[in-house]
Every structure is written in structure tokens, then in C-alpha cells.
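A short reminder: the numbers here are calculations on the coordinates, not readings from a lab. All figures in this text were calculated on a predicted structure; none of them were measured in a lab. Heads up, the Cβs are rebuilt from the backbone with ideal geometry, glycines too, and the neighbour counts pull from every protein chain shown.
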Amino acid sequence: MAQDSASLSSDYQFWIWKLSVWGQASTLETQQDICRHIHQFQEFLRQIYEALKEMDSSTVIERFPTIGQLLVKTCWNPFILAYDESQKIIIWCLCCLIKKEPRNSGELKLNSWARGLLSHTLSAFRFDIKEVGLFTQSLGYTSADYYPRLLKNMVLSLVSELRENHVNGFNTQRRITPERVRSLSRVCVPLVTLPDFEPLIEALLTYHGTEPQEKLWPEFFDAVNEAFLLKKISLPKSAIVCLWLRHLPSLEKAMLHLFEKLIFSERNFLRRIECFMKDSLLPEAACHPAIFRIVDEMFRYALLGTDGAPEVLATIQVFTLCFVEALKKENNQLKFTLKTYFPYASPSLVTVLIQHPKDIPQGLWHQPLKRISEMLREVVEDQTPRSSRGPFESWFLFIHFGGWAEMVAEQLLMSEAEPPEALLWLLAFSYSPCDGSHRRAQTMEEVKVVLGHLMKLLRSPTLSARDLQAATGESQGGDPRPPACRRLIRHLLLNFILWAPGGHTVAWEVISLMAQTDEMTHEIISFLDQTLYRWDHLCMEAPASRKLARELLTELLVRVEHRPVGHVAAIQPGITGATG
Amino acid sequence: MESLLQHLDRISEVLAVSRTPHVSSWDAVAVRRALQWARYMRHVHRRFGGHVPIRTALERRLQNRWKQEDGSGPAAVPGLKSFRDLGRCDILLSQRLLDNRALGGAAFHCLLQQLFPGPSVPDAEEETPQGRLALLARRRSAVHLMRFNGFGENSAVWNDLLVKTQAELLLERLQEVGKAQAEGPSRLLSSLWERLPRNNFLEVIAAALLLPSSSSRPPKEELELSSSRTQGEGGHELVHWLLGKSDVMATFCRSLSAALLTSVAGRHPELFRVYLGLLTEWGRHLHYDLQKGIWVGAEDRDVPWEELYSRFQSLCQAPSPLKDEVLTALEASKAQDGDFEVPGLSIWTDLLLALGSGA
């Protein structure tokens, strides 16, 4: 506490000095400096308020003899007052200084002084033109009627000035100078969150002068971006695209903001990720290839940095889904070629991937999958040094399109014929892209064996959880297969329960056997969520499977919520025998 | 209904008193009650915004009150003038009390507690008085900041904005007054004409006559159902008043710039005809000074040739039908004078010659 108050005192000296330097913020340098310090300064004022709240006037005078100076200087600085919250904090401070029953002449004087300053703060910069005041008063209006309208007209006038220049270019008489645009963007910094200013902010963002250099102030971009991210301002998409194209740090901050939201929200179902995603405007903005490339690059780093975390993977897939949707909505004929979005991928591969499976009859889905597999395999196994960007790049491209990637296992289980080599390869590749060809061949062989067992079980009259587990080779202790391969097999099994006619009878038992750890439970939850999300997007007609998946998911979530952290409970069969 | 009207009367009185020294007798209880009434009227505004009979009844009562107040003093007391004002009567009351130094210490302290509960009370955005008062103050700062940084070097644009804003307020008020009473707008305009500095008022009238129909809409947070018609009706009232007041119309046409009058004439054919009539009349007052070779007035108040010429010239530069009508009128006057083609005999011949060579 003592330390706190000591640091407040030293801060106090600093800000008193700053306020003297700032004066009335009439120069560029002072305005710039205020922009940089405003958050800290407001925080300091808040601390002062908290301190004043607890003090009587004699303590105030003793501890902050120059409090009057501090508040007056703040009140006379229009740049500070223009920021959101400034007035409120000052008013609260002043309210603390005004005592209900002043006991001596000193307190009386302080009361009277604070009242005057309060009045000034609330109606600062009163009509400075006599006629206007007289006129509005004669009409029975107050300044509360007049100022908002005047402000609106000022904004409209500036907007039309900017637009006119934009349209007419060189030859207008009212040609706006680059310096003026710059200074306008500077004055707007404290005001971006004032709703009246939205048209002007938009006009500035979409205004391009004739000079190659950026004329808008960097602090302006920062302020607009922050206001947009915190939902303190609503701007049309075109303006936001201009903002992100003109100011890269803003785009990066928008991405980080999205990541932060995803990290701090407790459990991310894909529907929720989709809401965050659409809300962020990033997929729509990414229709501009320059924005897409940067967003995608950040995803790549996130994926590499988290060693391919499933959450990041899911986020990329949702992003791509929303992006492709936006692209279609924006323009049926692509304004930019796909090559501009995916410069390193083969255009024919991208063309196949970007198709929505929904647009192809379900019975034909194996065809594009085979094409995808062949094309990917060609790139991955190409040994010539110049062509190879590594299997990671091919995989990174592939996993964008979750609709296809997750469909492979399902396709393999649906057909009773000999599993096609192409699909086996694609499945092995998508779970473990960096395997060597020997290891991949082994995985493919293992998948083939498991599929054979499962098909046999499908034809047997009774299904049991133990048999299923045995079929996947899970029950033997000390499974020698690498984790990615085991994960693949688990997902194969989960798909099997959802699709096999008798799957629902043993579903819960199988899940209980699998979900022995928290980690595994979460994996199954994610799998079910992803599957349901994908089916929704494909408009899949599979009522029994859908119902089962939803029931399993609900049940698992209930268990997770009620389970003490870290405790691995033996899960009781709950919905065994649920009718599908 | 009757109790609602009584409430309205009471809050009007409270508002009237709130700016006088009489508030020195108010205690904390009185302040709290006054704010309560004001909040109640705000509630009424929200509740009955779409209820035409109640709205109309309240509006009529307010107009009657205003008329009485208006007669009593040289300057009208800004108070509740329309239904819309009910929505912010708590803010109006708060501002007056905050500014009124006659309010006693304890009462003032109570006012602060009511208005500014501090950060602990989450304000649902701009809905609390605290949020709304702060927003107003912020807008003022914004105007100030923009004026010196956004319009610093261009005072003409700034002046236009001031005038335009006043024009919007004028039209809105004219429409409100007109709804309650047919002769209301004329009476209001005449009283303003007596009271206000003329030049500013004339500029405001011209700006009001030039406003496009949509720009006089009040800020969007206000519930205004019939605002889209504001300009049309208010503008009509203005034209009607000007046509009925020949002295005002003459001053209007004499004082404002040629370009501004041409714009007004282009928008309002009735006013154009009167303007053209005035120009013709002014022209008849001039005679030809043979020695100097120019047209001069007999008296000081006569319009000089240069001014007359610039007004005709401005009209002739406007698109048809303005230009055609002006030329036809000049030709007609010239024919009346004897259709001379030589300069120095008829002012109309000379004007036509000057306009022809100038064009």
C-alpha cells in the first residue's frame, strides 16, 4: 500500500510535467505524444480517483497540493477530452472533491472551484459565436440540440470533400492537400469511437491520394483497428479491407485477436469457431489475395509453432470454409485466379480441392479423392530438388479443405470392395505427412488389415466391443505403432461405429474402453463435433448416424463436466442399447 | 390522460425554475424528485412515441405553454417545446442544475450522486445520464478539435456549416409549431425577425430554403416519426411568410449575395418572380448620367448599376428556365421603354447589351 502510494506520487509528478508540456495540444508533436500516452494517462487518472475517493479534503491538499492544476490542465486540453472516458474520469475526480457539508472556508473554496470546473468540463467550449447562441436559444433549443447536428454537418462536409477529390482527381478546385488529409487523420485518432465519425473514418480509409507514400497517420490505423476489434465502431467491409491492406500491423493484430479469443474460450466447437471467424471479417477480407496470403502465413506459423495442434487445424479448416463461401458470394467469376491465393500449389489440385463435396453426387466422391491423392503423391514423391517444397507444404494445402480430408476414412468403410491404394495413401498421408515411403507403406498395410477385420465383423450376426477392439489391434499391451497411426485407427473405429448397422448397440461400450484418459476423451469429443459439423455442411442424410453421434457427444460432455479434474473415472455404459 | 398532462405541466414548471435563483430553496429531496419526474417524462416519450393521440395531446399542451411563455419576455426560455424534447428532459434539467450556482451545497451534492454514481455502476452505454452527459461533452470537444484542426484554414466552409445547422433547427421548429397551430410559423418567424441580428437570420433563411429534403433529419437516436416531411413543410412555411412580408423580402433580396439568391430563385419559382419584380423596380429608379455616361440612383438607398448588373448576370448564368425568363422580362421592359437599340436611353437596353457582351 505504502509502495503503491509512493509510486502514485512519482507518477503524479511525471504527469503534471507532461500536462505542462502538452499545453492545449496545438502542435503535431504534442498530439502525437498524447496518442501514445493516453491509455496510461487515463489509467493514472483512474488511480487518482480511487485515491481521492477515500480521502477528506485536508488529506487531499496534503498529498496532492497541486491537484487543482492537474485537473485544470486536463480539462483545457481538447485532445485529451476528445478521448472516450476522459470526461467521465475527470468528473468522478471532481465529484470526490466536492464535499456535502464543507466545514471551513478552505473546503468552501474548494467546493466552489470544483463546481466551476465541473461545469466547464460538461459544457466545455461553449458557443464561441454570439449569433449562433442567440439564434438557437430564441428557437428554444439548447446546445445539446445544436452540437450533435453541427458535428454531423462537419463530418458530412469533410466526407464530401474527400469523395469529391477522390472522384475528380487532379482537376478540382478544392483539391485536398496531402498534409490536410494527414492532419485530418491525426485529429480523428481520439474520436474514432465517436459514432458520429464513422462516415469520416470510412472516407479516410478508402481515400487514396495521388502520392505513392502513405498519407494517413499510423496512429490513426492503430486506433481504428483497435476500435473495430473491440466492437466500438462499425465499418463496412470495404473500409476494413482498406485498413488491413494499408497497414499490415493492423491485420496482424486482427489475427492475434482472433487467436486470443479462441484460446480463451473454454471449449471450441466448430460452430463457435465459425462464429468467431465470421465475426472477425477475416475470411471475407481474405478475398483480397494480399490479405489471404498474410493470414495464411500466420496460420502456417501457428501450425508449426504448435506442432500441428488439432485446434489450429480445425481453425484453418473453418477459415477456409468461410473464405471459399465468401469468395463465391463476392463473385461467381473469380476476380483473381486461384494461383494468386495459392501460388505454390498446382492449379489443377487447388481446383479440385476448392470444390465443395456437396456439389458432387455422393456416389462419386471417391473420384475427386483419387485425383487429389494422385496429384499430392506426385508432388510429395517427386525427388527433383528444385520442385520440392517438402511434404509439409502439400499437407498444409490439403488440410485447409477439411471436407475432403476427413471424408477419406468414411469412404474406405463404405465400400466392401478391396480398398483402393489411392485412398489408403491419402489417409496415411493426412495423418502423418512427414513419414518416409517405407513407414507410409506400413501404415497403409496396417489400415488395410484393420479394414479387413472390420468388414468381417460387419457381416457377423453379433457385434461386441471386445471384438472391435481386437480388430483394431488396440488391446495388445505396448502397441508398437507410432501415435499418428494409432490415432488414425481410432478414427477408423469411431467412423465404423457411427456407420455400421449394429454400431449403436456397442457404441457406448467401445467409447468407454477408448476414453480411459482425459486426453482421449477430448479427442473423441473433437472427432464427434467435427463429424457432425461436416455432415451439416454436406447436408448428409444419415439420421441414425447423426442421432448416435449427437447422443455420444452429449453424454461425453456431461461426463467431462462432472468429472473432477485429472480424475480418470471408469465410464459406466450409459446409453448402450439406445435405439438408432 | 389528464394526469399525464398535469405531469407535463409540473415538469415544465420545474424546468423553468431550474435556471432561476429560486432553486436556492431546493433540498436534496427536491432534487431527487425533480430528477424522478424528468425520468418519468423520458419514459413517457419512449412509451408513447408511436401513439398518435397521446403524442398529439402532449404536443399541443407544450405548444400552448410555449406561446404563453413567449409573450412574457424578450427571449424565449429554452424548455420543452416538442414531444421529442421529453426524451431528454432529464439531461436538460441536469445541465441547468449543474450550471446553476444558486443551488445549495447539500442539494448539489445529491445531484452529483444521482448523476455520477462512478465507475462501479456499469452504464449500459449511453443510456445513463452519466453516459449521455459525457457523450455530449465529448461531442463538444470534437467540434472544437475539428474546427481548429479540420477547418482551420477555411473559415468560409466553417461559416456555411454554422448557418446550415441553424437552418435545420429552424425548419424543424417551424414544422412542429405548424402542426399545433396554423398561424404558428408566421408568428414565430416575425418574432424572430424582430429579435435577432438580421444578417445572420437572413443567411439562415436562405440556407433553409436550399436544404435538400433529407438533410434536416434529427440525429438518429431520437424517435421522430414525421421527420422526413420536416423540410418540405418548414420550407413551405418560410416561403409563405416571405411572400406575405414585402419589407422582409426586399431586405432579403437586397442583402444577400447574387449567387445565393440565384440558387434560392432556382429552387422556389414564387420567390424568383418576386425577386425579378424587385430587380425591375430597382432598375426603374436609376437614371442615366449623361456627363459621366453611367446609370446612377437618385437617392443613396437606390441599388447601384454594378449590383443590379451582377444580380442579372448571376441569374443569366443559371440553367433554364431561369435564364430564359430573365431575358424575356428584360426584353419586355425594353419594349415598354420604346425598344431602343442605342445605349443610354433605356436601362434595359443597356443591361441586355452588357449581359450579351459579358456572356
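Structure above, values below:
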{"item": "Rounded FRET efficiency, nearest 0.05, which uses the C-beta distance separating residue A:329 from residue B:128 and R0 of 35 Å", "result": "0.30"}
{"item": "Likely footprinting exposure, A:217, A:535, fewest C-beta neighbours within 10 Å first", "result": "A:535, A:217"}
{"item": "Chain B - percent relative contact order, Cα under 8 Å, separation 6 or more", "result": "11 percent"}
{"item": "Spin-label model distance (nm) - residue A:362 vs residue A:100, 7 Å beyond Cα toward Cβ", "result": "7.4 nm"}
{"item": "The stretch A:373-469 - Kirkwood radius from inverse mean 1/r over Cα pairs (Å)", "result": "14.8 Å"}
{"item": "Cα→Cβ-extended label distance, 7 Å offset, between residue A:439 and residue A:290, nm", "result": "4.1 nm"}
{"item": "Gain upon complete extension [residue B:113, residue B:198; 0.36 nm per residue less C-alpha separation]", "result": "26.2 nm"}
{"item": "By average C-beta atoms within 10 angstrom, highest first, the peptides A:406-413, A:437-444", "result": "A:406-413, A:437-444"}
{"item": "Amide H contacts under 5 Å for residue B:294, placed H, 5+ residues apart", "result": "B:289"}
{"item": "Helical contribution to [θ] at 222 nm, DSSP H n ≥ 4, -39,500 (n - 2.57), averaged over the protein assembly as shown, rounded to 500", "result": "-22500 deg cm²/dmol"}
{"item": "Cross-link table A:358/A:448; A:152/A:215; A:231/A:253, entries beyond 22 Å C-alpha to C-alpha", "result": "A:358/A:448; A:152/A:215"}
{"item": "Under 17 Å between alpha carbons - lysine pairs in chain B that sit 8 or more apart or on different chains", "result": "4"}
{"item": "FRET E, pair residue A:24, residue B:331, Förster distance 41 Å, beta-carbon r, rounded to 0.05", "result": "0.10"}
{"item": "Protection proxy ranking, peptides A:16-25, A:180-189, B:270-279, average beta carbon neighbours within 10 Å, highest first", "result": "A:180-189, B:270-279, A:16-25"}
{"item": "For the stretch A:457-562: rounded, prolate or oblate by the Cα gyration tensor [a/c cutoff 1.5]", "result": "oblate"}
{"item": "Distance in nm between pseudo-label sites at residue B:3 and residue B:340 (7 Å out along the Cβ direction from Cα)", "result": "8.3 nm"}
{"item": "Cβ-placed point charges (K, R +1; D, E -1), dipole of the stretch B:257-358 about Cα centre in debye, nearest 20", "result": "300 debye"}
{"item": "R0 of 51 Å, Cβ-Cβ distance residue A:297-residue A:56: FRET efficiency to nearest 0.05", "result": "0.30"}
{"item": "Alpha carbon Rg of the stretch A:10-98, scaled by the compact-globule rule 2.2 N^0.38 Å", "result": "1.04"}
{"item": "Rounded to whole Å, sorted largest first: equivalent-ellipsoid semi-axes of chain B, Cα gyration tensor", "result": "52, 21, 19"}
{"item": "Backbone N within the stretch A:361-381 under 17 Å of label point (7 Å from residue A:539 Cα along the Cβ vector)", "result": "A:361-365"}
{"item": "Whole-angstrom Cα spans of chain A along principal axes, big to small", "result": "98, 66, 50"}
